[in-house]
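Notes to accompany the following structure.
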Amino acid sequence: MISVLSLICVAGCASGLLLIATLLMQKPHTSADKLLVCSILLTAANVLFVAIKPVLPTHSLFFEVLRASSCYGLVFAPLLYLYFCVQLTGTVLTKSKLWHLGWFACCQAIVMFEVTFPTSLPWLTINSFENAGTLLILAGYFIANVRVLRETRRHDSYLVSSGSGKVTYITLLVMHACYAITVIANLAFSQNAATTLTTLNAGMLSVLLMILAFSYPHQALATPPSIVTEPVPSPPSLDREKEKYGNNRLPEFLRDTIVDTLAHHMQCEQPWLDIDLTLSRLAESINVNPHHLSQIINSEFGKSFACYINEYRVNAACKLLSADDNRTVLEIASQSGFSSKSSFNTIFKKHTGLTPSEYRKKYQLTANKYSTDDNVLASNH
């Protein structure tokens, strides 16, 4: 039984590493990708530790420190919460949000004191209180994660309504629950029973890693229906650029760097949501000369700064209009970065050929048809 679980744990760890490699091959790496990589790496390390645990010396300092596996949920839960916020709500990841990892730092500090000074500070031997506090924190993050998913499902249904998307997010939530089960085992059962349940729980985490490794690539490849596409660089005319910019034309290596930096910034930070965004402010945010940025947008994308930004805004509006909610067109215009309803209607129709109201009706009819077809397929299975 133990050998079978060990094999499952090794297979789960290998699946997790394969998924990490898949995520790292995606360029540019988003903040959500980095958070997911950290979460998967933590889980893979956890199940690998359970797999090699039988061959570890039980009285070594290394084993004593790692015995507090319940603490690792205090890393996974915040990472998962931040992942959902960044991936589903567009929250910008900043250093100030690292305070979420403070729970783990405090808990691990207590464990280190227990191991290093087992007799000099006897009052720190409070495993039951420590596990109870950990369980409360994990429960709080679980509720927060469910709320983020529910809000996103309500406002941007395409993000969590696809089959692969549902599998991915539900799998991550079940992983969260598995960490809570480990804490409950340490809190409510004897040492032998807790060890057995923790081992079985690691096997469950391994299976979930395999499911995640299969489902996430499908989710990453799935794109919501949209009339407007992201701006794609078009081959510039060298003669035209030389005529326009002369000796001020940027060298190729610098152009590629600015294009990559701009693409990453637009995807991760979403500066186009700022109604007052200007060329100078965008250039300052990526540490580029405004003249150079203007040259890049004109030559690489074949459009003006205003047109370039408006394409992102129209894409954001398409996603909001496709959601099944009660937001007005004016609210959607504001949340997409447009300064007024009139400019929103004009620009939106210019890019899509439809007014916002027409697009909403057309997309929601299509979405309802897809939903009906999915229900028929599900009933057949």
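The values are calculated or read from the model by the stated rules, or taken from the named source; none is laboratory data. From a predicted model like this one, the values you see are computed outputs, not experimental measurements. Note that each Cβ is placed from the backbone with ideal geometry, even for glycine, and that neighbours are counted across all protein chains shown.
A few remarks follow.
So that you can scan it fast, the table gives a plain yes or no per residue for (1) at pLDDT 85 or above; (2) part of a helix (DSSP H, G or I); (3) within 20 Å of Ile309 (Cα to Cα):
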{"position": "Ile211", "(1), (2), (3)": "yes, yes, no"}
{"position": "Tyr216", "(1), (2), (3)": "no, yes, no"}
{"position": "Pro231", "(1), (2), (3)": "no, no, yes"}
{"position": "Glu241", "(1), (2), (3)": "no, yes, no"}
{"position": "Gly246", "(1), (2), (3)": "no, yes, no"}
{"position": "Leu277", "(1), (2), (3)": "yes, no, yes"}
{"position": "Arg281", "(1), (2), (3)": "yes, yes, yes"}
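- Test for Phe49: is it among the aromatic types (Phe, Trp, Tyr), surrounded by fewer than 20 Cβ atoms within 10 Å (Cβ to Cβ) and modelled with pLDDT of 65 or more: yes
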